[in-house]
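For reference, the structure is listed below as structure tokens.
The values are calculated or read from the model by the stated rules, or taken from the named source; none is laboratory data. A quick note: this is a predicted structure, and the numbers were derived from the prediction, not measured. Ideal geometry is used to build each Cβ from the backbone, glycine not excepted, and the neighbour counts take in all protein chains shown. For the accessible areas, the whole protein counts, side chains as well, though only heavy atoms, and no ligand, DNA or RNA atoms are used. Shrake-Rupley method; radii C 1.70, N 1.55, O 1.52, S 1.80 Å.
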Amino acid sequence: MRTQVAIIGGGPSGLLLSQLLMRAGIDTVVLERQSRDYVLARIRAGVLEQGCVNLLRKAGVGARMDREGHVHDGTNLSTAHGMFRINFKERCGQSVLVYGQTEVTQDLYQAQDALGARIVHQAANVQLHDVTGTQPFVTYDTDGRSHRLDCDYIAGCDGFHGVSRPTIPDGLRKDFERVYPFGWLGVLSRTAPAAEELIYANHPRGFALASMRSARLSRYYIQVPLTDEVAHWSDQAFWDELRRRLPAQVAESMETGPAIEKSIAPLRSFVSEPMQYGRLFLVGDAAHIVPPTGAKGLNLAASDVHYLYEALRAAVLDRDPAALGQYGPRALTRVWAAMRFSWWMTTLMHRFPDQTDFDQKIQEAELHQLEWMVSAQETMARNYVGLPY
């Protein structure tokens with residue numbers, strides 16, 4: 001096959017990039033190593049920044065999101081001294097939208113089908129070739145046969161474990177990483193959310209988060225040691241521990257039910273530079289991972305898509321190849337800002353194994369400032385709803 005942009009990875013970032021490029025008249029092919037059913041079964045984030053919402057609308061996939069998404073004008077922080085709310089609308093004039101990543105992916109698939117997009121599923125043994133030349137190509141296997149895809153540019157949207165990032169030689173690539181000494185045990189349940197807006201809890205027993213996907217689909221997390229295993233946590237044990245960490249008034253009225261998904265995710269902060277190597281461009285988790293505290297993962301991938309779409313459109317349609325060199329620096333400026341915010345929220349809200357009494361008092365002092373200082377609330381609100389593209 002021949003295309004203008006080969007997109008490696010058919011998750012939301014790859015599909016969104018393809019959707020935007022195709023609507024602009026730029027041809028794409030998406031290679032995804034899993035089946036469509038597998039991609040749609042992934043349980044991921046559900047809080048969308050305003051910039052992400054606007055980008056989805058621009059891509060023509062915002063209708064159901066606007067009908068079914070839930071606007072949140074603030075969020076709640078719970079401490080040993082009580083719970084307080086950060087009002088995004090008052091502090092920065094914006095909101096976030098709760099709409100599950102699975103729903104975003106489903107909307108993108110439907111839009112891509114309507115455009116006649118070429119999406120190759122279960123593409124195995126994907127390899128990138130001649131990415132520093134003028135005629136890059138990709139090889140892959142499907143149905144026991146080898147295939148070649150010639151292209152002008154390659155977008156690596158294939159996640160942390162994909163083939164795109166390792167294509168950049170070690171001598172040219174620099175990775176920055178912080179691994180946190182705990183994980184999140186998450187449960188998805190068909191229950192009403194515990195509160196109208198998210199609750200982030202700093203508790204002596206560890207962090208907890210009460211989140212949601214819809215009016216009858218809730219997502220909850222508790223901080224656990226990395227040595228824990230899902231099999232050791234019954235549904236009842238999870239609900240009991242979650243209740244201990246949430247405010248009493250919330251815990252008493254919270255609806256519980258069987259878990260329809262349960263998993264433990266380790267937390268890390270990771271950035272790989274550069275995000276461009278020849279005609280290869282890294283997007284989303286292929287270039288960076290943020291801890292889920294602060295809900296930046298999908299949103300950061302969306303801003304990468306925005307910058308890369310603008311660069312490719314300028315290069316292909318406006319005959320301005322110099323625009324491609326701006327992608328990495330522009331994307332990384334926003335990546336590091338989101339990385340700082342996610343690190344800050346993670347450090348503020350979790351209990352670390354080596355945390356001293358002094359460290360705990362510092363956490364409490366900062367939370368107290370957030371509760372009473374308008375400027376602190378403004379800074380958090382502006383970062384939470386998303387810095388401008």
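Annotation: amide H-H contacts under 5 Å for V98 (H modelled 1.01 Å from N, sequence separation of 5 or more, or interchain): L48, H70, V71, H72.
Amide H contacts for M212 (H built 1.01 Å from N in the peptide plane; partners 5 or more residues away or on another chain; cut-off under 5 Å): R219. Shown in residue order for segment 121-127 are the 3J(HN,Hα) couplings computed by the Karplus curve 6.51 cos²θ - 1.76 cosθ + 1.60 at θ = phi - 60°: 8, 6, 7, 9, 6, 5, 9 Hz (x for Gly and Pro). Heavy-atom accessible area with a 1.4 Å probe sorts V271, V230, largest first, into V230, V271. Against the chain, whose longest principal axis comes from its Cα atoms, helix 374-385 is set at around 40 degrees. List the trypsin sites (Lys or Arg not before Pro) within segment 286-343 that fall in a DSSP loop (any state other than H, G, I, E or B) and whose Cβ has at most 13 other Cβ atoms within 10 Å. When the trypsin sites (Lys or Arg not before Pro) of segment 286-343 are filtered for loop state and at most 13 Cβ neighbours within 10 Å, R319 remain. Report the paramagnetic label zone for R340: residues of segment 64-103 whose backbone N is under 17 Å from a point 7 Å from Cα along the Cα-to-Cβ axis. Counting only backbone N, you get no residues. Over segment 270-324, the reciprocal of the mean inverse Cα-Cα separation, the Kirkwood hydrodynamic radius, stands at 12.1 Å. Rolling a 1.4 angstrom probe over the chain with all protein chains present gives an accessible area of which 50% lies on carbon and sulfur atoms.
With contacts taken as Cα pairs under 8 Å and at least 6 residues apart, the chain reaches a relative contact order of 20 percent.
Probing with 1.4 Å while keeping every protein chain in the model, the per residue accessible area of segment 112-194 equals 50 Å². The 3J(HN,Hα) values that the Karplus relation (6.51, -1.76, 1.60; θ = phi - 60°) gives for segment 22-32 are, in residue order, 5, 5, 8, x, 9, 6, 9, 9, 9, 10, 10 Hz. Gly and Pro appear as x.
Sequence-ordered 3J(HN,Hα) estimates for segment 335-343 from the Karplus curve with 6.51, -1.76 and 1.60 and θ = phi - 60° stand at 4, 5, 5, 5, 4, 4, 5, 5, 4 Hz, glycine and proline given as x. Maximal additional length on extending the D141-D240 stretch stands at 30.9 nm, based on 0.36 nm per residue less the C-alpha distance.
By the helix-only formula, in which each DSSP H run with n ≥ 4 contributes -39500 (n - 2.57) and the sum is divided by residues, the chain has a 222 nm mean residue ellipticity of -11500 deg cm²/dmol. Near the amide H of A123, within less than 5 Å, lie the amide hydrogens of E32, R33, Q34, all on another chain or at least 5 residues away, with H placed in the peptide plane. In the context of the full protein assembly, F160 retains an accessible surface of approximately 40 Å², using a probe radius of 1.4 Å and ignoring ligands and nucleic acids. Across the cross-link table entries K174/K262; K174/K361; K174/K296; K89/K174; K58/K174, which are compared at the Cα atoms, the separations over 29 Å belong to K174/K262; K174/K361; K89/K174; K58/K174.
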